[in-house]
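Colleague: This structure is in structure tokens; I'll ask about it shortly.
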Amino acid sequence: MGVDVSPPKFAPLSSQDLNRIVLQGSYAPLVLTCTDAVGISNTVAELVTSPLDPNVLGTFTETYKCTDDAGYEARLNVMTTIGASAEGRSSSSDNNDWQLNPTFGRAWNTNELIVSDGFALNGRTVDVVDNFHTEFDKVTATIGQLNTAKARVYTDMSLDTITISLGVPEPSRVSEAEAQIMIKMNRNYQSPAEYDIIDIIHEQKEKLVEESDTTISIEKVPCMPDSERQCHEITISFRITAPLIHDVLAVSAMDTDRRVTTTYINDGVDFEGEPLLPLLTHTIFSKKGNQHPVEITHLTQPDRRYNLWSDQHGFTWMKNSYGSWFQITHADFERLQDTHANVMTRSHSSFEDLVEKEKEKARQVFDAESIKSTVGESFSHDAPVKIDKLKDPIILEKLRIAELAALEYLESR
């Protein structure tokens, strides 16, 4: 038998034992054994940490220790998640499974603030006092510079995805974000952070986030100062390449059971500066008739935030929701001049000038504007007394003569 100079080794464990999930009320410590380097006997491991409360939901770390005859020790950490039992989940007709949702601030079941500094952007930190949205004074960031966002999340289960959404039109419309950075994770209790990053996905129609500059890190930290509850803080560094249309952003966490919490960061961030992306362009081919050549219009969008496009002639265009283009500014109308003619019609380009010349000639002969006077207001009681014309002898004589002439005409017929 040789000299014992090495610690004992734990018997091989499956990933299910190293990351075990037990139902509420059914917890019991594991029975682990170790094999010494010298000798053939197995040693039962000792649980160093206190036994867990089987009625408290959450994920906890248990430490087991083996000691051989020479005094060498070996320790092993096992992550145990105590989840709600099937009876507990179905005891209410409302299904309280949502109370296990991840949180950046308040506990879903008690509304207690259990996470501080739930979100931070470029050094500005805020407590998420409302799990749906939280007040966050708008900050300004420069296009092309590196930005750092931090999200501190707590969950009783295992995390699957952390997402930061940029350019959200308004709260409740995270699916319409202009760009999203999704971090896919996998449990690894051998890592200090307990997670491995397995993928970083960029969801964006335009290259608004420079994918090669995105970096992610995960750290296990206390949820609050002097708190025994442990959270995971995800740090996301990213670079924006163009101004965003909307300023609101959102952060989301999803666990392996697909429970999702999305918290909207109101007011968000305004990215300023010259865009690094090339300007968007579009080409329109049009033809006015079979005998006309094809006209090519090249459009350029000076600012992606506004639905305004300029063509090579300096005119402005817009694009409607159906994808059709229409011109909103046009060239000033300029009529071609006709050849001089002494006699012209109204369609002649100089006809309007001829009319103006004739008006000026008539004005020199008789200018009614120079002799007009202003008539003030008048009322019926100011008018002179009405004269009865049938009593005027001159008028009566004219009527008599006209009547005789009419009679003479009728007799001649």
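Colleague: Distance in nm between label sites at Asn342 and Asp213, each 7 Å beyond Cα in the beta-carbon direction?
Modeller: The two pseudo-label positions are separated by 7.9 nm.
Colleague: What distance in nm lies between label points placed 7 Å from Cα along the C-beta direction at Lys361 and Lys288?
Modeller: Each label point is offset 7 Å from its Cα along the Cβ direction, giving 3.8 nm.
Colleague: Just subtract the alpha-carbon distance of Thr33 and Phe60 from 0.36 nm times their residue separation and send over the number in nm, one decimal.
Modeller: Gain on extension, Thr33 to Phe60, equals 7.6 nm.
Colleague: Another one. Measure up Lys184/Lys205; Lys287/Lys319; Lys65/Lys150 against 30 Å on the Cα-Cα distance and list the ones that go over.
Modeller: Lys65/Lys150
Colleague: So, one more: Please name whichever of Thr235, Ser26, Thr163 sits farthest to the positive end of the charge dipole of the chain, dipole taken about the Cα centre and charges placed at Cβ: Lys and Arg +1, Asp and Glu -1.
Modeller: Thr163
Colleague: Say the dipole of the chain comes from +1 at the beta carbon of Lys and Arg and -1 at that of Asp and Glu; which of Thr215, Thr300, Leu249 then lies farthest toward its positive end?
Modeller: Thr300
Colleague: In addition: How charged is the neighbourhood of His298? Take every other residue with its Cβ under 15 Å from the Cβ of His298, and add Lys/Arg as +1 and Asp/Glu as -1.
Modeller: Counting the neighbours of His298, the net charge comes to -1.
Colleague: Taking 25 Å as R0, compute the FRET efficiency from the Cβ-Cβ separation of Asp199 and Tyr306 and round it to 0.05.
Modeller: Using R0 = 25 Å, I get an efficiency of 0.10.
Colleague: How much length, in nm to one decimal, is gained on full extension between Leu279 and Tyr189, taken as 0.36 nm per residue of separation minus their Cα-Cα distance?
Modeller: 27.7 nm
Colleague: Putting +1 on Lys and Arg Cβ atoms and -1 on Asp and Glu Cβ atoms, find which of Gln190, His202, Gly105 reaches farthest to the positive end of the dipole of the stretch 99-272.
Modeller: Most positive-ward Cα: Gln190.
Colleague: Run the numbers on the chain and let me know its relative contact order in percent, using alpha-carbon pairs under 8 Å that are six or more apart.
Modeller: Reported relative contact order: 11 percent.
Colleague: Let me ask something else. Using the Cα gyration tensor of the stretch 280-327, with a ≥ b ≥ c the square roots of its eigenvalues, what is the shape: rounded (a/c below 1.5), prolate (a/b larger than b/c) or oblate (neither)?
Modeller: prolate
Colleague: On to the next question. Using a simple charge model, +1 on the beta-carbon of Lys and Arg, -1 on the beta-carbon of Asp and Glu, nothing else, what dipole does the stretch 119-189 show about its Cα centre, in debye to the nearest 20?
Modeller: Around 320 debye, computed over the stretch 119-189.
Colleague: Full-extension gain between Glu411 and Glu352, please, as 0.36 nm times their residue separation minus the C-alpha to C-alpha distance.
Modeller: Here the answer is 15.5 nm.
Colleague: Let me ask something additional. Tell me the label-point distance for the pair Ile328, Asp226, using the 7 Å Cα-to-Cβ offset, in nm and rounded to one decimal.
Modeller: Distance between the two pseudo-spin positions: 5.9 nm.
Colleague: Rg (Å, one decimal) plus Dmax (Å, integer) for the alpha carbons of the chain?
Modeller: 44.7, 169
Colleague: How many angstrom lie between the Cα centre of the stretch 205-229 and the Cα centre of the stretch 128-157?
Modeller: That distance is 10 Å.
No lab work stands behind these numbers, since they all come straight from the coordinates. Because the structure is a prediction, the values reported are computed rather than measured. Neighbour counts are summed over all protein chains in view; Cβ atoms, including those assigned to glycine, are modelled from backbone coordinates with ideal geometry.
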